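One structure is given here, and the rest of the page talks about it.
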Amino acid sequence: MPLVRPFRGLGYALDRFGTATIPDRVRLPEEPDQHPGRLADLTDVASPPYDVIDDEQRERLLARSPYNAVRLELSSADEPHAEAAAALRSWLAEGILERRREPSVYYYSHATPDSPTDPTVHGVLARVALEPYGAEMRAHELTMAAPKADRLGLLRTTQTQLSPILAIYFDKSERYRHVMARSWTEEWRARDDDGLLHTLAAVEPDDRLIGYLSRQALFMADGHHRYETALAYQAEVRGRPEHRDAAPRSLGADWIMVVLVNAEIEELQIRATHRLLRNVNPAALSSLIHDPGPLFKARPVAVNELSARLEESGDLRDVVFGLVANRDDAWLFVGDGPAIATRMRDEQLSSAVQRLDLAVLHAAVLGDRLGLQGPAGAPADAILYTKDPTDAIARVRSGSAQAAVLVRPTRLEQLAAVATAGDVMPQKSTYFYPKLLTGLAFYSLDEE
């Protein structure tokens, strides 16, 4: 089972940002004006994590405040990692950031699009002992080398974990209600760019809460690149002569900052990540459409109806995806179950992965039919990604993408089945929404 512990969080100083009066833009429905302690509105300084920030959004974030966390998370400087470390030191010296005197755990909550001002998804932010993937932390998704190299450089330079990863567990018992019922007086809130409210509240460590979390089997939800980066950095630190005899879990680098959410109780949302194809052989693409072979049937669909048809598509056990290959035409591909099962038995994959839409897409379509071997084996710019189906279609129409493959979201039970089998899905198989914010709390690796 995982080892979960409190930590002395580093964060925006309540003496600088906190007030006893709750600002209107982060007030909960029917909440009084006065807070029982202090509350900081971090909307202007919080940031999304690095992997969803584009250049335009970064400039908007920087314009909100010179202390926006994007300066740490994804600096635009020529030497971004050095700039992040310099900013971190400066903010500490100026009192912009402060470190808690005693270890804490935090309740982290966020709203959903259905109720953007009422956080309804709840979890606990703590630190978890790093272990290779296995019983303590189960992965479900492949990673890419470039993001890990970038995050490792940033971690080396700043000595700080800037954004938490998201891990889930499954527990139906009533114990969850009891351990999530502690009171607090220090709180940080922020609205993300979609207007959803995120809240973080510091609570005193409680043996029941820590023990409860340390008995759960954790599944990585969001943050595979950061987890693997933390493992790589841990190995580097423990390889240094001065640390080779250090006791297990005695170094800051032995831990990672995690938000733990009970997916049995909380309603997490997974969104799809669509594929954009470029530099594909036109003849192969045409052949796929006009002669999909024994694995699929291709049904013509109006482009503006494709997303809806995909959402409505038949049995969840069927393999289904949509293809847009020109300005006006789209196709809904529906798999033949027995034929696909026969094809996927050739792959060195667990049965849980063999049944996934994306696994079949990458092996039998991007590989067999279009000559790509998935993101790991394809040219760097052959497969791009977008969360927005409208954007995917627009890119085909503009000519910046040759084709777009629209896919359905991976389901939570599929994630759990794949992780339990010790297997992984193709890259970009899951997109948990909303993303946890960067800036509500940081974890300095000089903790120990």
Which number in (1) crowded, with 17+ Cβ neighbours inside 10 Å; (2) in the same structural domain as V319 (by TED's automatic domain parsing) marks the one condition that V424 misses?
-> (2)
With respect to S109, determine if the residue is of a type in the set (S, T, N, Q), at pLDDT below 95 and under 30 Å from L213 (Cα atoms).
-> no
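Filter the helices (runs of 4 or more DSSP H) completely within region 1-112 down to those with at least 1 residues that are surrounded by fewer than 16 Cβ atoms within 10 Å (Cβ to Cβ) and of a type outside the set (S, T, Y). Break it down stepwise before answering.
Numbers: elements: 14-17, 55-64, 70-73, 80-94.
Helices (runs of 4 or more DSSP H) meeting the threshold: 14-17, 55-64, 80-94.
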State all residues of region 283-307 that are under 33 Å from the mean Cα position of the chain (by Cα) and loosely packed, with under 12 Cβ neighbours inside 10 Å; if no residue qualifies, say none.
-> A302, N304
Only one of (1) out of contact with any Phe, Trp or Tyr (no Cβ under 8 Å at 6 or more places or on another chain); (2) surrounded by fewer than 20 Cβ atoms within 10 Å (Cβ to Cβ); (3) not in a loop (DSSP other than H, G, I, E, B) is not met by A416, so which one is it?
-> (1)
Restricting attention to region 100-147, which residues are farther than 24 Å from L358 by Cβ and in contact with a helix residue (DSSP H, G or I) (Cβ under 8 Å, 6 or more places away or on another chain)?
-> V105, V124, A126, A129, L130, P132
Would you point out which residue out of A146, A167 is of a type outside the set (V, I, T) and either in contact with a Lys or Arg (Cβ under 6 Å, 6 or more places away or on another chain) or not in a strand (DSSP E or B) (or both)?
-> A146
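So that you can scan it fast, the table gives a plain yes or no per residue for (1) in a helix (DSSP H, G or I); (2) farther than 24 Å from A416 by Cβ:
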{"position": "R215", "(1), (2)": "no, no"}
{"position": "M220", "(1), (2)": "no, no"}
{"position": "E228", "(1), (2)": "yes, no"}
{"position": "A235", "(1), (2)": "yes, yes"}
{"position": "A246", "(1), (2)": "no, yes"}
{"position": "A253", "(1), (2)": "yes, yes"}
Could you run through region 113-128 and say how many residues are in contact with a Pro (Cβ under 7 Å, 6 or more places away or on another chain), β-branched (V, I, T) and not in a strand (DSSP E or B)?
-> 1
At least 3 residues that are surrounded by 14 or more Cβ atoms within 10 Å (Cβ to Cβ) and over 21 Å from the mean Cα position of the chain (by Cα) in each: list the strands (runs of 3 or more DSSP E) lying fully within region 324-412 that qualify.
-> 329-335, 403-406
Checklist (1) touching a residue at least 24 places away in the same chain (Cβ under 8 Å); (2) under 20 Å from V52 (Cβ atoms) applied to R99, failing item | (2)
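The values are calculated or read from the model by the stated rules, or taken from the named source; none is laboratory data. What you see is a predicted model, and the numbers here were worked out from it, not measured in a lab. Using ideal geometry, Cβ is built from the backbone for each residue, glycine included, and neighbour counts are taken over all protein chains shown.
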